[in-house]
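The values are calculated or read from the model by the stated rules, or taken from the named source; none is laboratory data. As the structure is a computational prediction, the values presented were derived from the model and not from experiment. Cβ: placed from backbone, ideal geometry, glycine included. Neighbour counts: every protein chain shown. Just the protein is used for accessible areas: all its heavy atoms, side chains included, with ligands, DNA and RNA removed. Shrake-Rupley method; radii C 1.70, N 1.55, O 1.52, S 1.80 Å.
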Amino acid sequence: MTDRNILIIGGNGFIGRNLSQYFVNKQEHVYSFDLRYPQRESDQVVYLCGDFFDDETLKTIVEKMDVVIHAVSTINPGNSGEYYMRGYEKDFIQSVKLAELSIKNKFRLIFLSSGGTVYGIQENQPITEQQNPVPINHYGCLKLCIENVMRTMNRQSNGNILIARVANPYGPGQDYHKGVGFIDAAIKKSLHDEVIEIWGDGTTIRDYIHIEDVCDMIYCLSKYEGCEEVFNISSGVGVSQNYLISLLEEYGLKPSVIFKDARSVDIKKVVLNNERILSVCKSFVRPIEIGLKQYIEEIKKEDCEK
């Protein structure tokens, strides 16, 4: 048994819900914080409800915590061009305040950044943590701004803050209607005879990683005692949208695809080097062929239970 108190800020989200269950399975004391209580609650998780952007609430929820995982964002890559000011005025400021509390209260803070957007267009791939991030959309820029403040606090105040640049996660609990999740959309639309929209010609390459592998890596970071600050959370393998569609066909689905003009906010190729995280997390990262097949079966099972 462990005596650590783990707080997931943004516990109702896709990553947050999976992290809560993963840490519970590791015998941790898990607290899930979000604006509302979840539709499905676990008897093993303590649910806290409130506004992350209220200073007094934030101070209260982090008290007596050993590890805090920051998984909140009010914008996503698709809508950041329209709502970027909300991100800078709210997410940035409150994330800085959370980092200050981490220094003051001496808890480990793990900030979930975006490996898919902070690096921008990079010639050398897979992309390492040492390469210079040059984001091309406001979502990536916001994440990088928060990262920079946290790294400064580490240096100036001997902080205990880690940055997890998560690639493109997929798996149980994802909902593409919230603006992210091509794999989730492709599977569900194929199963329900809906058209899959692809922005561009389908050759866009991303680094897709199953959510269970993400949780495993972040769990390892919660116990990490080394000197590195930034970690790519990724599979280390690039996969095109066209290849994903071909896998769906191979697994018996009948995807219907329409191609649209490419968007300026989308990067053609992002594959992240995962050697650093695998040096501290000796886990098996499932190939896309295995993870995709597992997720298809899980979605089919959910549909049958409805």
Report summary line: Any GluC sites (Glu not before Pro) in the range 96-201 that lie in a DSSP loop and have at most 13 other Cβ atoms within 10 Å would be Glu123, Glu194
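Go through Arg155, Arg276 and list them by solvent-accessible area, largest first, probe radius 1.4 Å. Show your work: numbers first, answer last.
On the way: Arg155 160, Arg276 45 Å².
The residues order as Arg155, Arg276, largest area first.
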Query - Given charges at beta-carbon only (K, R positive; D, E negative), |dipole| of the chain in Debye - result: 440 debye
Query - Using θ = phi - 60° and Karplus 6.51 cos²θ - 1.76 cosθ + 1.60, couplings along the range 201-209 (whole Hz; Gly, Pro as x) - result: 9, x, 8, 4, 10, 10, 9, 8, 9
Query raised in the report: Do any cysteines of the chain lack a neighbour Cys whose Cβ is under 4.7 Å away, and which are they?
Result: Cys49, Cys141, Cys145, Cys215, Cys227, Cys304
Report summary line: Once amide hydrogens are built 1.01 Å from N within the peptide plane, the residues lying 5 or more places from Leu48 or on another chain with amide H under 5 Å from its amide H are Ser32, Phe33, Asp34
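Can you tell me the alpha carbon radius of gyration of the range 265-305 divided by the globular rule-of-thumb value 2.2 N^0.38 Å?
Working: Rg = 15.2 Å, N = 41, 2.2 N^0.38 = 9.0 Å.
Here the answer is 1.69, to two decimals.
Let me have the relative contact order for the range 109-180, percent, based on Cα pairs under 8 Å that are six or more residues apart. All intermediate terms of the calculation are to be shown ahead of the outcome.
Working: 72 pairs, mean separation 32.3, N = 72.
The value is 45 percent.
Taking the Cα centre of the range 15-104 as origin and charging only Cβ (+1 Lys, Arg; -1 Asp, Glu), how large is the dipole, in debye to the nearest 20? Write out the running numbers ahead of the final one.
Numbers: 10 positive and 14 negative charges, 39 e Å.
Computed about the Cα centre, the dipole is about 180 debye.
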Report task. Leaving ligands, DNA and RNA out of it, work out the accessible area of Thr152 with a 1.4 Å probe and give it in Å² to the nearest 10. Result -> 60 Å²
Report summary line: With the 8 Å Cα cutoff and a minimum separation of six or more residues, the range 18-117 has a relative contact order in percent of 22 percent
Query raised in the report: Per residue, how much accessible area does the chain show when a 1.4 Å probe rolls over the protein heavy atoms, in square angstrom?
Result: 48 Å²
Query raised in the report: Quick one: Cα centre-to-centre distance for the range 32-97 and the range 230-306, in angstrom?
Result: 26 Å
Query raised in the report: Please state the relative contact order of the chain as a whole percent: Cα pairs under 8 Å, 6+ residues apart?
Result: 17 percent
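If you place +1 on the Cβ of every Lys and Arg and -1 on the Cβ of every Asp and Glu, how big does the dipole about the Cα centre of the range 230-306 come out, in debye to the nearest 20? Mind dumping the intermediate values first?
Working: 12 positive and 11 negative charges, 51 e Å.
In total the dipole reaches around 240 debye.
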Report summary line: Calc'd 3J(HN,Hα), the range 180-192, phi into Karplus 6.51 cos²θ - 1.76 cosθ + 1.60 (θ = phi - 60°), Hz, glycine/Pro = x, comes to 9, x, 5, 4, 4, 5, 4, 5, 5, 5, 5, 5, 9
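At most 11 other Cβ atoms within 10 Å and a DSSP loop assignment: could you name the GluC sites (Glu not before Pro) in the range 1-84 that fit?
Numbers: sites: Glu28, Glu41, Glu56, Glu63, Glu82; in loops: Glu28, Glu41, Glu63.
In loop regions of the range 1-84 (DSSP not H, G, I, E or B), the sparsely surrounded GluC sites (Glu not before Pro) are Glu41, Glu63.
Please pull out the direction-averaged projected area of the range 75-174, using the convex hull of its alpha-carbon atoms, in nm² to one decimal place.
Numbers: hull surface 29.3 nm².
Mean orientational projected area (the range 75-174, Cα hull): 7.3 nm².
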Query raised in the report: Considering only DSSP states other than H, G, I, E and B, which GluC sites (Glu not before Pro) in the range 218-278 qualify as loop sites with at most 10 other Cβ atoms within 10 Å?
Result: Glu225
**Report entry** Phi to ³J(HN,Hα) by Karplus 6.51 cos²θ - 1.76 cosθ + 1.60 over the range 263-278, Hz, x for Gly, Pro
**Finding:** 9, 5, 7, 9, 8, 5, 8, 9, 10, 9, 6, 10, 4, 5, 5, 6
Query raised in the report: Amide H of Ile205: which non-local residues (sequence gap of 5 or more, or other chain) have their own amide H closer than 5 Å, using H built in the peptide plane?
Result: Lys269, Val270
Query raised in the report: What FRET efficiency, computed as 1/(1 + (r/R0)^6) with R0 = 41 Å and r the Cβ-Cβ distance, is obtained for Asp51 and Ser246, rounded to the nearest 0.05?
Result: 0.40
Report task. Kindly express, to the nearest 10 degrees and within the range 0 to 90, the angle between helix 14-25's C-alpha long axis and the longest C-alpha principal axis of the chain. Result -> 60 degrees
Report summary line: Non-local residues with an amide H under 5 Å from the amide H of Val68, with H modelled 1.01 Å from N and Pro and chain starts lacking one, are Leu7, Arg108, Leu109, Ile110
